[in-house]
Amino acid sequence: MQNNALKKRFDYMTQTPVDRLICSLAVPTIISMMVTNLYNMADTFFVGKISTQATAAVGIVLSLMNFIQAIGFFCGHGSANYVSRKLGAGDLKSAQEMASTGFALAFILGSIILTAGILNLKALSIMLGATETIINDTQDYMRIILYGTPFMTSQLVLNNQLRFQGSAVYAMIGLVSGAVLNIFLDPVLIFVFKMGVSGAAVATIMSQIISFVILFIGTRSGPNIHINYKNIKFNAHYILQIFNGGAPSLFRNGLISISGIFLNRMAGFFGGDAAIAGMSVVNRVMLFANSALIGFGQGFQPVCSYNYGAQLHGRVKSGYKFCVKYGTIFLICVAVISFIFAEKIIYFFRDDTDVIIIGSTALRWQMLTMPINAFSVMSNMLLQSIGKGVRASITASTRSGLFFIPSIYILSNLYGLTGVETAQSCADVLSLLLTIPLTYSVWRGMNNKLTLAQNNLS
């Protein structure tokens with residue numbers, strides 16, 4: 001029975017017109033990403049009604065949450081890419097073992113982060129950039145977030161594995177259910193039960209646990225691969241494959257965490273709590289704006305890895321071009337709207353003159369370069385999905401690490417707060433310039449394989 005279902009899925013992934021297939025997988029993923037980021041923004045919105053210091057504290061902990069997500073995506077993308085390629089090649093046994101191994105690894109790593117974080121809570125808060133005026137709120141929020149870490153890392157694995165098997169709708173249901181719960185619980189716990197920033201953290205963790213449960217149930221249904229402890233294989237081959245496929249996500253999200261620490265420290269040094277709060281709001285807005293693009297790209301990833309595994313390189317190329325084209329058009333629209341209404345967007349989250357001035361300036365700078373991110377993001381997803389781990393890791397590292405960290409250090413020392421506000425735009429341009437040659441050589445390689453295949457047929 002399951003073999004018949006897998007055969008139908010193989011036909012669906014390799015024969016459906018590429019643009020229609022990507023859209024069918026991308027729509028639920030876009031919804032998942034946008035709703036997930038919406039509840040991250042809900043934390044900022046409701047906490048913003050408490051104080052500027054509370055808003056800044058949530059921004060500080062965002063760096064830790066990015067690191068936790070980096071671990072989840074590392075295990076999730078690393079295992080899911082492999083699972084999808086093996087399903088495309090017809091190797092069910094390897095796919096089953098990798099799915100369970102990736103899940104177990106994420107839960108173990110999440111538990112380690114939980115233990116280390118709780119034991120070093122104050123030192124971790126200071127390291128992330130908390131000032132004396134916000135350290136208490138930071139610790140209150142962070143402590144609760146840490147308790148949910150194993151569920152946060154594991155649910156990201158389940159979500160990605162379901163997506164890469166073609167079950168994007170169920171993956172969406174799992175994430176959206178938790179997100180809706182978070183949005184409902186935020187005002188109740190913060191204001192009705194008067195829990196303050198702790199209430200926002202409890203709402204976030206409860207939503208993550210609900211998503212985890214729903215997604216785990218999803219692995220037990222239909223043709224989806226079941227998570228089974230008997231299939232856990234911590235051998236060198238699977239760990240290496242997880243690293244190869246997941247390292248780009250680890251570098252991308254991990255460097256977002258590290259760059260967030262640099263950003264908080266520089267913003268705090270040159271502009272105080274208002275600058276930390278303003279940049280925190282901008283980061284939340286940018287995450288939300290980029291969520292649709294990333295969701296679109298994640299609709300492309302299973303199509304890319306599945307068809308690459310089936311040696312259908314023409315479909316991979318068509319899907320990539322489709323995503324770059326329409327991703328760029330979308331980002332141009334978002335950039336224009338956000339540039340025009342920058343002050344109103346920041347005001348929505350925090351009615352503080354200093355926060356609005358700093359945040360709107362930084363938002364406008366980032367909108368100037370936002371459209372070029374479509375090429376960079378889609379290229380990174382292409383390289384990651386076809387197993388080009390080194391190239392994907394490099395392109396994943398550029399925007400938030402390789403170029404951003406030097407940019408914010410140099411520009412802030414030259415221009416103060418203005419340098420902090422413009423650093424991301426500078427990093428975006430430099431990232432594009434490096435991504436182009438790294439992607440072109442792989443693109444040329446696929447062209448050569450297509451030409452060889454056509455010659456063999458003739």
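Numbers for the structure displayed
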item	result
Residue in the stretch 125-136 that is nearest to the chain's Cα centre (by Cα), counting only those that are surrounded by fewer than 21 Cβ atoms within 10 Å (Cβ to Cβ) and part of a helix (DSSP H, G or I)	MET127
Output for the stretch 377-399, where each listed residue is surrounded by fewer than 24 Cβ atoms within 10 Å (Cβ to Cβ) and assigned to a helix (DSSP H, G or I)	GLY389, VAL390, ARG391, SER393, ILE394, SER397
Complete set of residues in the stretch 213-246 that are of a type in the set (A, V, I, L, M, F, W, C), within 18 Å of LEU162 (Cβ to Cβ) and surrounded by 14 or more Cβ atoms within 10 Å (Cβ to Cβ)	VAL213, ILE214, LEU215, PHE216, ILE225, ILE227, ILE242
Single match in GLY297, GLY271 (criterion: surrounded by fewer than 23 Cβ atoms within 10 Å (Cβ to Cβ) and either modelled with pLDDT of 90 or more or under 30 Å from LYS449 (Cα atoms) (or both))	GLY271
Scan of the stretch 316-353 for residues that are under 22 Å from GLN298 (Cβ atoms), of a type outside the set (Ser, Thr, Tyr) and open to solvent by less than 40 Å² (accessible area, probe 1.4 Å), ordered by number	VAL316, LYS317, GLY319, CYS323, VAL324, GLY327, LEU331, VAL334, ALA335
Unique residue being farther than 30 Å from GLU132 by Cβ, of a type outside the set (Gly, Ala, Ser) and either in contact with a strand residue (DSSP E or B) (Cβ under 9 Å, 6 or more places away or on another chain) or surrounded by 17 or more Cβ atoms within 10 Å (Cβ to Cβ) (or both) when the list is ILE210, ILE261	ILE210
Complete set of residues in the stretch 400-447 that are touching a residue at least 40 places away in the same chain (Cβ under 8 Å), among the aromatic types (Phe, Trp, Tyr) and more than 22 Å from PHE67 (Cβ to Cβ)	TRP443
Number of positions in the stretch 409-449 that are open to solvent by 20 Å² or more (accessible area, probe 1.4 Å) and not polar (S, T, N, Q)	20
Cβ-Cβ under 8 Å pairs, at least 6 apart or on other chains, the stretch 37-64 side assigned to a helix (DSSP H, G or I) and open to solvent by less than 10 Å² (accessible area, probe 1.4 Å), far side of a type in the set (Asp, Glu) and modelled with pLDDT under 85	VAL58/ASP43
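One line per residue, one yes/no per condition, for (1) assigned to a helix (DSSP H, G or I); (2) open to solvent by less than 30 Å² (accessible area, probe 1.4 Å); (3) basic (Lys, Arg); (4) over 29 Å from ALA42 (Cα atoms):
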site	(1), (2), (3), (4)
GLU97	yes, yes, no, yes
ALA123	yes, no, no, no
THR138	yes, yes, no, no
ILE145	yes, yes, no, no
VAL157	yes, yes, no, no
GLN161	yes, yes, no, no
LEU181	yes, no, no, no
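The values are calculated or read from the model by the stated rules, or taken from the named source; none is laboratory data. Nothing here was measured: the structure is a model prediction, and the numbers come from that model. Methodologically, a virtual Cβ is constructed for each residue, glycine included, from the backbone with ideal geometry; neighbour enumeration extends over all protein chains shown. Just the protein is used for accessible areas: all its heavy atoms, side chains included, with ligands, DNA and RNA removed. Shrake-Rupley method; radii C 1.70, N 1.55, O 1.52, S 1.80 Å.
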